[in-house]
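Please read the structure below before turning to the comments.
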Amino acid sequence: DAGITQSPRHKVTETGTPVTLRCHQTENHRYMYWYRQDPGHGLRLIHYSYGVKDTDKGEVSDGYSVSRSKTEDFLLTLESATSSQTSVYFCAIGDPSGPLDTQYFGPGTRLTVL
Amino acid sequence: EDQVTQSPEALRLQEGESSSLNCSYTVSGLRGLFWYRQDPGKGPEFLFTLYSAGEEKEKERLKATLTKKESFLHITAPKPEDSATYLCAVQAESSASKIIFGSGTRLSIRP
């Protein structure tokens, strides 16, 4: 298994509270990604990072921010959580510059916003 | 717009009954097509990458094929442990850092 961990694995929070999810990798991959997975929508890209302090928006970035101060850690923050952000969040790592630009996924974080 | 459509949404098979899952895609220049397996409560697990039409990859009872418009995941003599959701994703040459996922096919194999 690719060395990716996510924390917390489960979280229940209330509308309006800030939430931060953490992704940690031990593979030294340059690229890291945050996705959300909802029934009927598949996996949708929120934000991604192509290096320390280098990030870009994905398909569904509104209401989310990210930070990457070290190669191994990528944080996803919901500044003020809403019920529409109830979802399962997956972190992935990859290196599209390599010959096998495959993304490998973490175990996921199930977030419930009440 | 780059798009991935998987069919059927769900498929129930008897153990040993072979079948195929379909992934149709439209992308402005295909860089790669990926197949993943996802078990309930877990992250997607990488299976295959295909890069060009005519390419085939095999792993145990699974074989993935690729044409210019679609990919098939063939499952030969499946077992109950093959039950999972299978996800297809494409990567465009124009946005090599991103991949676009289909909604998946839920496969259930009855003993």
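Residues that are in a strand (DSSP E or B) and surrounded by fewer than 16 Cβ atoms within 10 Å (Cβ to Cβ) within the stretch A:12-43 comprise A:Val12, A:Thr20, A:Arg22, A:Asp38, listed in sequence order.
A Cβ distance below 7 Å, combined with a sequence gap of six or more or placement on separate chains, defines the contacts here; from the stretch A:98-114, residues that are more than 11 Å from chain B (Cβ to nearest Cβ) reach residues that are at pLDDT 90 or above and assigned to a strand (DSSP E or B) in the pairs A:Leu111/A:Lys11; A:Leu111/A:Val19; A:Leu111/A:Ser87; A:Leu111/A:Tyr89; A:Thr112/A:Val12; A:Val113/A:Thr13; A:Leu114/A:Val12. Are any residues in the stretch A:62-78 free of Cβ contacts under 8 Å to residues at least 40 places away in the same chain and within 16 Å of A:Thr20 (Cβ to Cβ), and if so, which ones? Passing the criteria: A:Gly63, A:Tyr64, A:Ser65, A:Val66, A:Ser67, A:Arg68, A:Ser69, A:Lys70.
If only residues of the stretch A:101-114 that are outside any loop (DSSP other than H, G, I, E, B) and under 15 Å from the mean Cα position of the chain (by Cα) are counted, the one that is modelled with the lowest pLDDT is A:Tyr104. When the criteria are applied in full, B:Glu55 meets the requirement of being more than 12 Å from the chain's Cα centre (by Cα), modelled with pLDDT of 95 or more and surrounded by 15 or more Cβ atoms within 10 Å (Cβ to Cβ). When the residues of the stretch B:1-13 are filtered to those that are within 19 Å of B:Val90 (Cβ to Cβ) and in a strand (DSSP E or B), the one that is nearest to the chain's Cα centre (by Cα) is B:Gln6. Based on what the data block shows, is A:Arg68 crowded, with 17+ Cβ neighbours inside 10 Å, more than 17 Å from B:Gly43 (Cβ to Cβ) and not β-branched (Val, Ile, Thr)? So A:Arg68 fits the description; yes.
For the stretch B:20-100, list the strands (runs of 3 or more DSSP E) that sit wholly inside it and hold at least 1 residues that are away from chain A (no Cβ under 14 Å) and without any contact (Cβ under 8 Å) to a residue 12 or more places away in the chain; which are they?
Per the criteria, B:56-59.
Cβ separations smaller than 6 Å between residues 6+ apart or across chains give the following pairs from the stretch A:25-43 residues that are farther than 15 Å from A:Lys53 by Cα and in contact (Cβ under 8 Å) with a residue 12 or more places away in the chain to residues that are part of a strand (DSSP E or B) and aromatic (Phe, Trp, Tyr): A:Tyr35/A:Phe90; A:Arg36/A:Tyr89; A:Leu43/A:Tyr35; A:Leu43/B:Phe101. Among the residues of the stretch A:65-100, write down those that are modelled with pLDDT under 95 and touching a Ser or Thr at 6+ places or on another chain (Cβ under 8 Å). Listed by number, the residues that qualify are A:Glu79, A:Gly94, A:Pro96, A:Leu100. Condition check: more than 14 Å from every other protein chain (Cβ to nearest Cβ), in a loop (DSSP other than H, G, I, E, B) and in contact (Cβ under 8 Å) with a residue 60 or more places away in the chain. Does B:Gly16 satisfy that? Yes.
Scanning the stretch B:2-19 for residues that are within 15 Å of B:Thr85 (Cβ to Cβ) and exposed (fewer than 12 other Cβ atoms within 10 Å of the Cβ) yields B:Glu9, B:Ala10.
Among the residues of the stretch A:44-82, count how many are part of a strand (DSSP E or B), of a type in the set (A, V, I, L, M) and away from chain B (no Cβ under 12 Å). Even if it seems obvious, please write down each step before you answer.
Let us first name the residues in the stretch A:44-82 that are part of a strand (DSSP E or B), namely A:44-51, A:54-57, A:64-70, A:73-78.
In the following step, the residues that additionally are of a type in the set (A, V, I, L, M) were identified as A:45-46, A:66, A:75-76, A:78.
Now narrow it down to the ones that are away from chain B (no Cβ under 12 Å): A:66, A:75-76, A:78.
Counting residues in the stretch A:44-82 that are part of a strand (DSSP E or B), of a type in the set (A, V, I, L, M) and away from chain B (no Cβ under 12 Å) gives 4.
The values are calculated or read from the model by the stated rules, or taken from the named source; none is laboratory data. Keep in mind it's a predicted model, so treat the numbers as computed, not measured. Ideal geometry is used to build each Cβ from the backbone, glycine not excepted, and the neighbour counts take in all protein chains shown.
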